[in-house]
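For reference, the structure is listed below as structure tokens.
The values are calculated or read from the model by the stated rules, or taken from the named source; none is laboratory data. Remember, it's a predicted structure, so these values are computed and weren't measured experimentally. Positions of Cβ are backbone-derived with ideal geometry, glycine not excepted, and every protein chain shown enters the neighbour counts.
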Amino acid sequence: MITLGEMQIAFLNDGTTHVDAGGVFGLVPRALYKHFVMPDEDNLVPMPMTCLLVRAHGKVIVIETGLGNKLDDKARANLRLVVREGEGLLNSLARHGVQPEDVDLVINTHLHADHCAGNTLIKLDTGEIVPTFPNAEYVVQRREYEDAMKPNERTRATYFPVNYQPLVESGQMRLLDGDTEIARGIHGIVARGHTPAMMMVRLQSNGEQALFVSDLASYSIHFERLGWMTAYDVEPLYTLEAKRLWQRWALETGALLIFPHDPTMVAGRYRIVDGKARVVPEIVAYD
């Protein structure tokens, strides 16, 4: 856990999937990306699911909810999902003294399943789908929700209405229209590219700043190198230009950058080192 001004931020892992390196690195040749992460014999690389617990101004806030508990054995096997002892969003929150009913606000940067499936859960006794956080307001961009409700052949494998539709229907999920101050010092900022309405989350308190970059840069190396982006980005050239803008911001502000899936660096800062801009690790382990 770190302190950012008057905020406290804990870094949680909902588990680690293992996916084809071609998805994570797209057009980047293996000869280059293997120096950052070496795929296994099945050409798989790890993608932990970083979630945040933020305590700010008397509120308990969760950013991203991971894959949750609704996956069947086949889906878990396909994703090569590994959840080690003590991991998982709810277990991690409990270690920090937070029960689901304590959460006031849940922020989804977008509605891909690995970022939001933990929004809802299955009651084991009845099979009913219910909110994981019964007292929380959930937020996501309206355009993201609209796209998720009308998936196409490329996106339908990651958009599942069970993760968000019940919350919209009940009024528990608020739909945002563009950049928004979601709570005091917490801003949702649209960064088009990975999806047309994916947003990052900027945290500000007492002159200190952090940015959860979401899948603008799944790994830190994606932030560092403009031309490196995942094959999952539906608008890659928008991703490139968004990264160019936020690289400048990160250099100017020195803000802490928090990455959603990096297996070796949870957070770092973008700095000039030996005449070259790079992401310098600051946090490498989960709380």
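What to note about this one:
- From the list 268, 227, the lone residue that is at pLDDT 95 or above, over 21 Å from residue 147 (Cβ atoms), in contact with a Pro (Cβ under 7 Å, 6 or more places away or on another chain) and surrounded by fewer than 24 Cβ atoms within 10 Å (Cβ to Cβ) is 268.
- In segment 86-108, the qualifying residues are those that are assigned to a loop (DSSP other than H, G, I, E, B) and either free of Cβ contacts under 8 Å to residues at least 12 places away in the same chain or in contact with a Pro (Cβ under 8 Å, 6 or more places away or on another chain) (or both), and the one that is surrounded by the fewest Cβ atoms within 10 Å (Cβ to Cβ) is 97.
- Pairs linking a residue in segment 1-28 that is crowded, with 16+ Cβ neighbours inside 10 Å to a residue that is basic (Lys, Arg), with Cβ atoms under 6 Å and 6 or more positions apart or on different chains, are 18/80.
- The residues in segment 203-236 that are touching a residue at least 40 places away in the same chain (Cβ under 8 Å) and either under 25 Å from residue 24 (Cβ atoms) or part of a helix (DSSP H, G or I) (or both) can be counted, and the count is 23.
- Candidate set: segment 132-153, residues that are aromatic (Phe, Trp, Tyr) and not in a helix (DSSP H, G or I); chosen: the one surrounded by the most Cβ atoms within 10 Å (Cβ to Cβ): 133
- Residue 69, sole failed condition from (1) at pLDDT 95 or above; (2) more than 23 Å from residue 203 (Cβ to Cβ): (1)
- Scan of segment 39-76 for residues that are in contact with a helix residue (DSSP H, G or I) (Cβ under 8 Å, 6 or more places away or on another chain) and surrounded by fewer than 15 Cβ atoms within 10 Å (Cβ to Cβ), ordered by number: 43
- Test result for residue 65, within 21 Å of residue 266 (Cα to Cα) and not in a strand (DSSP E or B): yes
- Pairing residues of segment 112-126 that are assigned to a helix (DSSP H, G or I) with residues that are charged (D, E, K, R), at Cβ distances under 7 Å and at least 6 apart in sequence or on separate chains, gives 115/64; 117/70; 118/14.
- Residue satisfying condition, being in contact with a strand residue (DSSP E or B) (Cβ under 9 Å, 6 or more places away or on another chain) and not hydrophobic (A, V, I, L, M, F, W, C), within set 178, 193: 178
- Enumeration of residues in segment 93-148 that are more than 14 Å from residue 199 (Cα to Cα) and among the basic types (Lys, Arg): 95, 123
- Within segment 1-62, strands (runs of 3 or more DSSP E) holding 1 or more residues that are closer than 27 Å to residue 85 by Cβ and among the hydroxyl-bearing types (Ser, Thr, Tyr): 7-20, 44-56
- Qualifying residue in segment 137-150 (condition: free of Cβ contacts under 8 Å to residues at least 12 places away in the same chain and touching a Phe, Trp or Tyr at 6+ places or on another chain (Cβ under 8 Å)): no
- Output for segment 176-191, where each listed residue is surrounded by 18 or more Cβ atoms within 10 Å (Cβ to Cβ) and more than 22 Å from residue 4 (Cα to Cα): 176, 190, 191
Residue-by-condition table, conditions (1) assigned to a strand (DSSP E or B); (2) surrounded by fewer than 17 Cβ atoms within 10 Å (Cβ to Cβ); (3) more than 18 Å from the chain's Cα centre (by Cα); (4) without any contact (Cβ under 8 Å) to a residue 24 or more places away in the chain:
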{"site": "155", "(1), (2), (3), (4)": "no, yes, no, no"}
{"site": "158", "(1), (2), (3), (4)": "no, no, no, no"}
{"site": "167", "(1), (2), (3), (4)": "no, no, yes, no"}
{"site": "174", "(1), (2), (3), (4)": "yes, yes, yes, no"}
{"site": "195", "(1), (2), (3), (4)": "no, no, no, no"}
{"site": "201", "(1), (2), (3), (4)": "yes, no, no, no"}
